[in-house]
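Enquirer: Starting off with a structure, shown below.
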Amino acid sequence: MIEVVKKEKIIEKIIIEEVPRCPECGSTSLKKDPARGEIYCENCGLVVEENLIDFGPEWRAFDYEQQQKRSRIGPPLTFTKHDKGLSTEIGWENKDFSGRPISPKNRFQLRRMRKWQRLMESSERSLIGALKEIHRMASVMSLPRNVQEVASLIYRKAVSKNLIWGRRKEGIAAAALYAACRQYGVPRTLNEIEEVSGVSRKIIGKYFRVLCSRLKLKLPSPSPRDYVPRFCSQLHVSRKVYLKAIEIINEVEKKGLFVGKAPAGLAATAIYIASILCGEKKTQKEISNVSGVTEVTIRSHYKEMVRQLGLEIDIS
């Protein structure tokens, strides 16, 4: 049990914390030496941590079949399941491990065990439903596994701090997923989260601010550059348009323009201008459908951006 708790803390530390740095020189070039059980800095040579525990197996395997036969453990711990993947689920088939039918006497006991399992799960039904909702939203939005893990961890922390009380669990789950996207720099707007969750962006934004405040989450501010690759890919424009859009965003940030504006709107406008300058013009409606930014926003940002940057554009 102690080892399980230690593993959970290690996983949580790896997922939620920033990139580890050397306490002496601040370098991120930390290397692990499994032979000595140490972690040292390649820059200054400081031994950051020593006497590390090797959680790997004591046996060796030379192919996949040997690895499967000699393995004595289950799947790794995961925050996406209510039991973190540690419990055993009783199957619905009345057969033993070799495929033979179970006797009527043992079948009665098996039915009672299944009943107790359902009763045990009912006490955690709220957590099960929320984690399933996070998994569903992450699947619909094609988000990577690490984002789903962090979203599940943030939701668990919210439960432990009693932040769920009096609030919609679907809204907290959507806010946790949005926070996880921000944590890993995965560009997703509140409009996209609203579309897959069915919760209004106003509620998601409100719950997101509560999570950041109460859980002390330090999340990087989204940049318009994060949205450009995905929008360009969906619009099927050339790399020339992509580079020009990045160049326009860099110029806007350099001059300190549009401070406080939504990054998705700035990215959409930069792509619109870049497509015109590169001779691959996309309409405001096309860009609006892809980015989720209204045509009115693109139009107003376009006029201001052209004026501030002194661009000469012929849209005829």
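Where a number appears in this text, it was derived from the coordinates with a stated rule and is not lab data. Keep in mind that this is a model prediction, so the values were computed, not measured. For neighbour counting, all protein chains shown are included, and Cβ atoms are generated from backbone atoms with ideal geometry for every residue, glycine included.
Enquirer: Rg(Cα) of region 125-214 divided by 2.2 N^0.38 Å?
Expert: My calculation over the Cα atoms of region 125-214 gives 0.93.
Enquirer: Starting from 0.36 nm per residue, how many nanometres of slack lie between GLU286 and GLU49 once their C-alpha separation is accounted for? All intermediate terms of the calculation are to be shown ahead of the outcome.
Expert: Numbers: separation 237, 0.36 × 237 = 85.32 nm, distance 5.32 nm.
80.0 nm is the gain from fully extending GLU286 to GLU49.
Enquirer: Here is a further query. Can you list residues from other chains, or at least 5 along the same chain, whose modelled amide H is less than 5 Å from the amide H of THR78?
Expert: When sequence neighbours closer than 5 places are left aside, the close amide H contacts are GLY85.
Enquirer: Given LYS202/LYS285; LYS32/LYS161; LYS240/LYS285; LYS206/LYS282; LYS244/LYS285, which pairs have Cα atoms separated by over 26 Å? If you can, show how the numbers build up before the last one.
Expert: Working: LYS202/LYS285 24 Å; LYS32/LYS161 35 Å; LYS240/LYS285 21 Å; LYS206/LYS282 34 Å; LYS244/LYS285 20 Å.
Going by Cα-Cα distance, LYS32/LYS161; LYS206/LYS282 fall outside the 26 Å limit.
Enquirer: Sort 210-223, 273-286 for me by packing, meaning the mean count of neighbouring Cβ atoms within 10 Å per residue, highest on top.
Expert: Peptide ranking by packing, descending: 273-286, 210-223.
Enquirer: Taking H placed 1.01 Å from N in the peptide plane, check which residues at least 5 places from VAL199 or on another chain put their amide H under 5 Å from its amide H.
Expert: Amide H neighbours of VAL199, under 5 Å, 5+ apart: none.
Enquirer: Amide H to amide H under 5 Å from VAL48: which residues, 5+ apart in sequence or cross-chain, H placed 1.01 Å off N in plane?
Expert: Counting only residues 5 or more places away or on other chains, the set is ILE39, TYR40, CYS41.
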